[in-house]
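Just below is one structure, and these are the notes that go with it.
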Amino acid sequence: MSIPTEPIGSIPRPRALQEALVEHAEGRLPHVELAHIQEQATADTLARLEQLGCPVLVDGDQAKPSSITYPLAGLTNLDPNGVIIPYADGHIRQLPRLMAGPFRYQVRADTYLRAARKLTDRPVKQAVVAPSALSLLYPGDPIDGYSREAFLEDLANEAEAEIRGCLDAGAHCVQLDFTEGRLSLKLDPTGGVLDDFIALNNEVLGRFDENERARLGVHTSPGADHDSTHSLDIDYAELLPRLLQLKAGNLYLQHASEPDPERVLKIVADQLRPDIRVFVGVTDPISTTVETPEEVRDRILLAARYIPVDQLGTCDDAGFSPFADDTSTSLDLAFAKIEARVRGTALAAEALGL
């Protein structure tokens, strides 16, 4: 037995792709040429992960505008002035706002997965946006002729269809990105919004059987954009018990950047179900310091004191560039951290006699 290790999703886009995205947005680059550059970036991402010995690959979100908004590309019933997400360094991200129904995904993540699987024969996981994140598109005031209840039903159906499409396309695992979980406690300290998020995500996850849920996971982090977070100041203890109620077989847990990692592990151990694997974050994507394999090993050995080894895995705390325009982290830095995770996980497995 070894310890499973997986990336989260996003990998920094190469400069050629960054420049191509700008030119395409300005109407100076045809879509077909942009798609070719995105395919090249995807192929390079997969090849470099493979070279590092990663047992599970990701496409790095090279063809996504962001890990949140990719299903919306081409929608015409949106207003850009939606929910604002403030980050600790002062910058913001803003979601669009739905103006009319019905709501339908314009792009589903299985299209990215099918493209990636043509480029490698290794297992590939696929990250998808959690329906809870997209529920923020609905405005505070009701939309005429399209109630919030109707929107949430459409959203759940779209999310289910996307996940099933990824499973059918051969995903090693489908990971729901749930970074808004911790953020919700900043927006609503009573926890009501978080409870709504958990209920919506479980509505979707509950539509899958036990075998399917073993291939489903949920990732949580306090955000990682332009080397800043949006909710690291929120007590993890408010999120973790409810997070472990989600009906998924895998949990990808930001952990390396926590100020008191052992406290987090104790909370997880108290709430841990026998049917879930916890992938503990062992590298911090927004730190410019590359962890050594030995540091990674020691973080895993600490986790193994609280989480049974047969329920333990490792991951990065978050994706390295969840938004396509984030240039704060270099490709070389991201891959160096990934290599440290892979090598450190192997060291920990050896130390544990696996």
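Filtering the stretch 227-264 to residues that are crowded, with 23+ Cβ neighbours inside 10 Å, under 15 Å from residue 303 (Cα atoms) and out of contact with any Cys (no Cβ under 6 Å at 6 or more places or on another chain) leaves 251, 253, 254, 255, 256. Of the set (1) in a helix (DSSP H, G or I); (2) at pLDDT below 95; (3) closer than 21 Å to residue 225 by Cα, all apply to residue 23 but (3). Residues that are surrounded by fewer than 17 Cβ atoms within 10 Å (Cβ to Cβ), on the phi < 0 side of the Ramachandran plot and at pLDDT below 95 within the stretch 88-99 comprise 88, 89, 91, 92, 94, listed in sequence order. The residues listed here are 79, 110, 61, 121; of these, the one that is among the charged types (D, E, K, R), exposed (fewer than 15 other Cβ atoms within 10 Å of the Cβ) and either under 16 Å from residue 136 (Cβ atoms) or in contact with a strand residue (DSSP E or B) (Cβ under 8 Å, 6 or more places away or on another chain) (or both) is 79.
Figure legend. Inter-residue proximity from the stretch 89-111: first residues closer than 23 Å to residue 125 by Cβ, second residues part of a helix (DSSP H, G or I) and of a type in the set (Phe, Trp, Tyr), beta-carbon distance below 7 Å, spacing 6+ or different chains. Indicated pairs: 107/70. Taking first residues from the stretch 265-279 that are in contact (Cβ under 8 Å) with a residue 40 or more places away in the chain and surrounded by 14 or more Cβ atoms within 10 Å (Cβ to Cβ) and partners that are part of a strand (DSSP E or B) and among the acidic types (Asp, Glu), the Cβ contacts under 8 Å between residues at least 6 apart in sequence or on separate chains come to 279/6. Report, by residue number, each residue of the stretch 123-175 that is over 17 Å from residue 208 (Cβ atoms), in a loop (DSSP other than H, G, I, E, B) and either hydrophobic (A, V, I, L, M, F, W, C) or in contact with a Lys or Arg (Cβ under 8 Å, 6 or more places away or on another chain) (or both). Result: 138, 139, 142.
Just one of (1) at negative phi; (2) at pLDDT below 95; (3) part of a loop (DSSP other than H, G, I, E, B) fails for residue 85. It is (3).
Is it true that residue 208 is buried (at least 21 other Cβ atoms within 10 Å of the Cβ) and farther than 19 Å from residue 7 by Cβ? Against the criterion (buried (at least 21 other Cβ atoms within 10 Å of the Cβ) and farther than 19 Å from residue 7 by Cβ), residue 208 does not qualify. Answer yes or no as to whether residue 14 is touching a residue at least 40 places away in the same chain (Cβ under 8 Å), at negative phi and surrounded by 17 or more Cβ atoms within 10 Å (Cβ to Cβ). For residue 14, the condition - touching a residue at least 40 places away in the same chain (Cβ under 8 Å), at negative phi and surrounded by 17 or more Cβ atoms within 10 Å (Cβ to Cβ) - is met. Counted as qualifying within the stretch 247-354 are the helices (runs of 4 or more DSSP H) with 2 or more residues that are under 23 Å from residue 229 (Cα atoms) and of a type in the set (Lys, Arg), namely 331-351. The numbered conditions (1) touching a residue at least 12 places away in the same chain (Cβ under 8 Å); (2) closer than 24 Å to residue 306 by Cα; (3) not β-branched (Val, Ile, Thr) are all true for residue 207 except (2). Looking at 277, 242, 215, just one residue is in contact with a strand residue (DSSP E or B) (Cβ under 8 Å, 6 or more places away or on another chain), farther than 22 Å from residue 348 by Cβ and of a type in the set (Lys, Arg), and that residue is 215.
The values are calculated or read from the model by the stated rules, or taken from the named source; none is laboratory data. From a predicted model like this one, the values you see are computed outputs, not experimental measurements. Glycine also receives a Cβ, built like all others from the backbone with ideal geometry; neighbour counts cover every protein chain displayed.
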